[in-house]
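Visitor: Pasting a structure below so you can have a look.
The values are calculated or read from the model by the stated rules, or taken from the named source; none is laboratory data. As the structure is a computational prediction, the values presented were derived from the model and not from experiment. As a convention, Cβ positions derive from the backbone with ideal geometry for all residues, glycine included, and neighbour counts pool all protein chains shown. For accessibility, only protein heavy atoms count, side chains too; no ligands or nucleic acids. Shrake-Rupley method; radii C 1.70, N 1.55, O 1.52, S 1.80 Å.
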Amino acid sequence: MPVLPGAEPYRHEGGEVGVLLCHGFTGSPQSLRPWAEYLAVRGLTVSLPLLPGHGTRWEDMRLTTWHDWYAEVDRALRELLERCETVFVFGLSMGGALTLRLAARYGDSVKGIVLVNPGNKVHGLAAHALPVARHLVPSTKGIASDIAKEGVTEVGYDRVPLHAAHSLRQFFRTVDAELPQVTQPVVLLHSPQDHVVPPADSARILSRISSTDVKEILLEQSYHVATLDHDAERIFDESLAFVERLAPGLVDEKGSRSGG
């Protein structure tokens, strides 16, 4: 199937600092593309992969599981680690959970992580019905485009395949058990008004990670897809400041490669 316009993966060859960006469940790289381009313009090497089953049609996602999604970001991270001296991982929503697992498994190889409205649990009574319901009903209403800013839409599916939702629930449980293994510096930005992921998920993550260098920021003007919303520039600026603090000398004042 052809990739939806705007949902293509993105890659930029920059300096010795690399950033991997992980998009969310049923979403696409489009939700993080402005963030990726912001970092690229400032001289960083950037990788923004398209997760398997995403960016085409929701029926394609029924054939994938969290193992497929994680394998893709794992591959992209290994590529960056071979290419760059210092590597960070950023993620939105389920991409935040992918980021946390990479951090837990790769340890000091990941210099720091930035999480935007990270998911930790599939909520509601319907979640408990997923093991059975997924065999009876193929999909339910989509979650894309939870954005406060008028005229902005997310390139994502209008349906959620229940087989994939069931796998997502399993993935969240897996990541939750691994959270104490996360020790890297963290910036966590979340929206009080989020109609997809409740604030409880961010609170749970912050209570279970072992990181001591942690900064929590509230995104008061945005909904779930904050990277396309009113607080986008703040997310971008905070993430760059985070990188510059942890990788001094590799990024100059303009964000370009030091000495290049």
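Visitor: Averaged per residue, what accessible area in Å² does the chain show with a 1.4 Å probe, protein chains only?
Guide: About 42 Å² of surface per residue is accessible.
Visitor: Antiparallel versus total DSSP beta bridges in segment 107-260: what percent is that, nearest 5?
Guide: Looking only at bridges with both residues in segment 107-260, the antiparallel portion is about 30 percent.
Visitor: As a test question: what accessible area, to the nearest 10 Å², does V155 have when a 1.4 Å probe is rolled over all protein chains in place?
Guide: 40 Å²
Visitor: A follow-up question, please. Helix 162-178 against the longest principal axis of the chain: what's the angle in degrees, Cα atoms only, rounded to the nearest 10?
Guide: 50 degrees
Visitor: Next up: For T140, which sequence-distant residues (separation of 5 or more, or a different chain) have an amide H within less than 5 Å of its own amide H, given hydrogens modelled in the peptide plane?
Guide: V160, L162
Visitor: Compute the angle between helix 94-106 and the longest alpha-carbon principal axis of the chain, please, reported from 0 to 90 degrees and rounded to the nearest 10.
Guide: Between the helix axis and the principal axis of the chain, the angle is about 60 degrees.
Visitor: Rounded to the nearest 10 Å², what accessible area does D194 show when all protein chains are kept and the probe is 1.4 Å?
Guide: Its heavy atoms expose roughly 20 Å² to the probe.
Visitor: Where is the GNM fluctuation largest for the chain (alpha-carbon springs, 10 angstrom cutoff): L44, L63, L206?
Guide: L63
Visitor: Could you tell me whether segment 72-143 comes out rounded, prolate or oblate from its Cα gyration tensor? Rule is a ≥ b ≥ c as square roots of the eigenvalues, rounded for a/c under 1.5, then prolate if a/b exceeds b/c, otherwise oblate.
Guide: Judged from the Cα gyration tensor, segment 72-143 comes out prolate (a/c at least 1.5, a/b above b/c).
Visitor: Add +1 for every Lys or Arg and -1 for every Asp or Glu among the other residues with Cβ under 10 Å from the Cβ of L246, and state the total.
Guide: After counting each charged neighbour, the total is 0.
Visitor: So which residue, out of V114, V182, V214, gets the largest mean-square fluctuation from a GNM of the chain using Cα contacts under 10 Å as springs?
Guide: Among V114, V182, V214, the largest GNM mean-square fluctuation belongs to V214.
Visitor: Report the residue, chosen from T140, T64, T99, that carries the largest GNM mean-square fluctuation when the chain is represented by alpha-carbon nodes joined by springs under 10 Å.
Guide: With Cα springs under 10 Å in the chain, the top fluctuation among T140, T64, T99 is at T140.
Visitor: For Cα pairs less than 8 Å apart in space and 6+ apart in sequence, what is the mean separation divided by the residue count of the chain, i.e. the relative contact order in percent?
Guide: Worked out over the chain, it gives 22 percent.
Visitor: Once the other residues with Cβ under 13 Å from the Cβ of I143 are scored (Lys, Arg +1; Asp, Glu -1), what is the net sum?
Guide: -2
Visitor: Mind listing which GluC sites (Glu not before Pro) in segment 33-109 are in a DSSP loop and have 13 or fewer other Cβ atoms within 10 Å?
Guide: Passing both the DSSP loop test and the Cβ count: E85.
Visitor: Ok, one more. For segment 101-260, give the percent of accessible area contributed by carbon and sulfur heavy atoms, probe 1.4 Å, rounded to a whole number.
Guide: 50 percent
Visitor: Something else about it: For V152, what accessible area in Å² do you get when you roll a 1.4 Å probe over the heavy atoms of the protein chains, rounding to the nearest 10?
Guide: Number for this one is 40 Å².
Visitor: Using the alpha-carbon atoms, what tilt in degrees (0 to 90, nearest 10) does helix 232-246 show relative to the longest principal axis of the chain?
Guide: Once rounded, the angle reads 50 degrees.
Visitor: Tell me which GluC sites (Glu not before Pro) from segment 132-205 have a DSSP coil assignment and no more than 16 other beta carbons within 10 Å of their own.
Guide: E150
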